[in-house]
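Taking it in order: structure first as C-alpha cells, then the write-up.
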Amino acid sequence: MANPCTLYEYLTQPNPAIQLRISAKSRTYTKNIKYPRPKHIQRWTEFNATTIETLFKGRLRRTLDTKVNLHDYSHIPALSCRVHDEISLKALIAQSNQPILQESLTHTSQDLLLQKVSMVRGSQAQLYHTWRRRVKQDPKLRSRETGRLISEWYPDWAGLVDVHGDNSILPGDAKVSRNWRSDHIKDLVGDKGQRILETGRLPNVLWPIRQLLHYCVESHMRYGYIITDEELVVMRVRPMETQNPGTTIEELHDATKDNALVEFQSIPWKRADTSKELSVNLALYVLFILAANNGTLDWTYGPLVDETLPTTRPQVGLCNEYPSFSTSDGEHSQNEDSAIEAGSPEALASSAPNHISADSHTIPNSAFLRSLDGIVPAHSPPPAETTPATGSSYKSVTTSNGAKKRRLDDAEEFPDLGGDGIDADVAEMLRKDSNSN
C-alpha cells in the first residue's frame, strides 16, 4: 500500500532491528591474490550530511523534500531479522533496503539524471574490464547473440544505468560485523585519518577493502560500499599519481590497480534521531546518484559540491565499445542486416570525432563520455538470469575458500555461437548449382 511522505523521510526511516545469531567462529576473509594492494588509505570526510544538503546546488535536497506516494516496506518479519551469516544478511537487505532504494531511484533518477538507475544483485551486472578482456580473447563474443556475460567473480550488489548498459556502476559487498567492521581500518589509519601502506604483507583486515577495490577497478567505477549488520562503509578510489586527460582507459585501470588511494566513510546501521546524521539508505541513495552521474574512474576528483547534473540525456557510456543489444523487453534493437555492427571498432572509428582514436579506448571520465556524439546508446538490460538468445544458464560453484563463483552450466566456458561448417541450406544450393553446370 502506498503512503504519502517525503523521500527524505522515506530514506531515513529506521532500519530493521537485527538479531545476531552468529556462532563464535574464527574470523575469515575472502582472499584472492588478484585483489589489488591499496597504497594509501584515508577517511573520506567530504561524504557527510552537510555536503549532501548542498549537492547539485541544493537540487537533490529539494527533490528529497518532495512528497510522493511510496510503498511501505518497513514491516519485516521477525524471522527475516535473524542474521546467522552473510546469506541471511543479504536476504534481509533484499527485503528491507533494496526495495526502498529502488522505489526512491525510480521516482527521481529520470528527473535528476534523465535516465533510469537500478539497484540489482551482483550477478545481474558485469564488470567492464573483466568482460572486455573476454571479448578480446574470443571475438565471437561481440556477437549480438551472446547477450550478457557474467564475471566468474562478482560482488553481492551492483548498480545499473541506461548509458552503461549491463556494466555495473556501483559494486557493493555484504559482510557480517563478527568478521569485519570499519573500526579495524580506523585503528589502522589512526588519529590522522590516513596511512601510507608499506610494501610487504598487509594486515588481514584489509582483505574486504582489497576485494571491493578489485570490483571498483574492474568496473572502472570510483565508488563502492560494504554493508554489514552494524554499518555502511562507502568508498571512493583513484590512482595516487595524476596524468594527462588523454591517457587511455587501460593506463588508468592499471594505475588504479597498482597504486590506489582508497577513501572510506562509515554510516551506522542504527541512525540517531537527528537530521545531522546520514542513514544507511540515504547514504546509499546518494552514492547511486553520484555513481550514475559522474562515477567512472579518473585521475583526480573535484569537490562533490561542484558536481553538476546533466541537461541532456547522456548518450555514451562504457558499454559503447561493445554495447548490449538487448532492450528492456528482451528484444534486439539493432538492425540484424547492418553491414557494420554498432559498437564494433569499425563503427566507432566512423562515428567518433576525428580527434578520438577508436583503438585507444580513451575514456578518462564521465564528462568526456558525454562530450561524444554519434554512437548508438545501449539499452537497459533484461533482468533475466539467462542470456536472451542462447538461454544458457548459470550456476553457483563453491570454491575451496568459500568464495562466490559463477560458471556456465554448459561444459564449455562460453556458449557455442554457431557451427563451424557451411549452413545446410547454403550447401544444398551450392550442390544444385554445381550439378546444373
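The values are calculated or read from the model by the stated rules, or taken from the named source; none is laboratory data. Being a predicted model, the structure only gives us computed values, none of them experimental. Cβ coordinates were reconstructed from backbone atoms using ideal geometry, including for glycine residues, and neighbour counts include every protein chain displayed.
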Query raised in the report: Yes or no: G193 of a type in the set (G, A, S), more than 19 Å from L101 (Cβ to Cβ) and without any contact (Cβ under 8 Å) to a residue 24 or more places away in the chain?
Result: no
Report summary line: Among G200, G193, G159, the single one that is buried (at least 19 other Cβ atoms within 10 Å of the Cβ) and either at pLDDT 95 or above or more than 28 Å from Y73 (Cα to Cα) (or both) is G159
Requested in this report: Run down T228, T248 and say which single residue is surrounded by fewer than 19 Cβ atoms within 10 Å (Cβ to Cβ) and either β-branched (V, I, T) or in contact (Cβ under 8 Å) with a residue 40 or more places away in the chain (or both).
Outcome: T248
**Report entry** Filter pass, T312 being surrounded by fewer than 18 Cβ atoms within 10 Å (Cβ to Cβ), polar (S, T, N, Q) and not in a strand (DSSP E or B)
**Finding:** yes
Report task. List the number of the failed condition for I93; all other conditions in (1) assigned to a helix (DSSP H, G or I); (2) closer than 23 Å to V237 by Cβ; (3) at pLDDT below 95 hold. Result -> (3)
Report summary line: Quick count over the stretch 62-90, residues being exposed (fewer than 15 other Cβ atoms within 10 Å of the Cβ) and under 24 Å from A291 (Cα atoms), is 3
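For the stretch 185-196, how many residues meet the condition of being outside any helix (DSSP H, G or I) and at negative phi? Explain how you work it out, then say what you get.
Let us first name the residues in the stretch 185-196 that are outside any helix (DSSP H, G or I), namely 190-196.
Now narrow it down to the ones that are at negative phi: 191-192, 194-196.
Of the residues in the stretch 185-196, 5 are outside any helix (DSSP H, G or I) and at negative phi.
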Report task. Return the only residue of S74, S88, S80 being over 15 Å from L105 (Cα atoms) and outside any helix (DSSP H, G or I). Result -> S74
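Results for (1) under 23 Å from I185 (Cβ atoms); (2) in contact (Cβ under 8 Å) with a residue 24 or more places away in the chain; (3) touching a Lys or Arg at 6+ places or on another chain (Cβ under 7 Å), shown as yes or no for each residue.
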site	(1), (2), (3)
T6	no, yes, yes
T28	yes, yes, no
K31	yes, yes, no
K39	yes, yes, no
E53	no, no, yes
T66	no, yes, no
R82	no, yes, yes
I93	yes, yes, no
S96	no, yes, no
Query - Whichever residue in the stretch 298-308 is of a type in the set (A, V, I, L, M, F, W, C) and either modelled with pLDDT of 95 or more or under 15 Å from I52 (Cα atoms) (or both) and, among such residues, is surrounded by the fewest Cβ atoms within 10 Å (Cβ to Cβ) - result: V305
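Let me confirm something: among V233, V217, V237, which residue is without any contact (Cβ under 8 Å) to a residue 60 or more places away in the chain, within 26 Å of L127 (Cα to Cα), β-branched (V, I, T) and buried (at least 23 other Cβ atoms within 10 Å of the Cβ)?
On the way: V217 fails: without any contact (Cβ under 8 Å) to a residue 60 or more places away in the chain; V237 fails: without any contact (Cβ under 8 Å) to a residue 60 or more places away in the chain.
Answer to the check: V233.
It is to be established whether one or more residues within the stretch 78-86 are within 27 Å of M221 (Cβ to Cβ) and modelled with pLDDT under 95.
Here is the first cut: in the stretch 78-86, the residues within 27 Å of M221 (Cβ to Cβ) are 86.
Checking which are modelled with pLDDT under 95 leaves us with 86.
Among the residues of the stretch 78-86, at least one is within 27 Å of M221 (Cβ to Cβ) and modelled with pLDDT under 95, which makes the answer yes.
Counting only residues that are outside any strand (DSSP E or B), surrounded by 13 or more Cβ atoms within 10 Å (Cβ to Cβ) and under 23 Å from the mean Cα position of the chain (by Cα), how many does the stretch 40-50 have?
Filtering the stretch 40-50 down to residues outside any strand (DSSP E or B) leaves 44-50.
Imposing the further condition that a residue be surrounded by 13 or more Cβ atoms within 10 Å (Cβ to Cβ) reduces the set to 44, 46-49.
The next check asks that each one be under 23 Å from the mean Cα position of the chain (by Cα); those that pass are 44, 46-48.
Residues that pass the stated criteria total 4.
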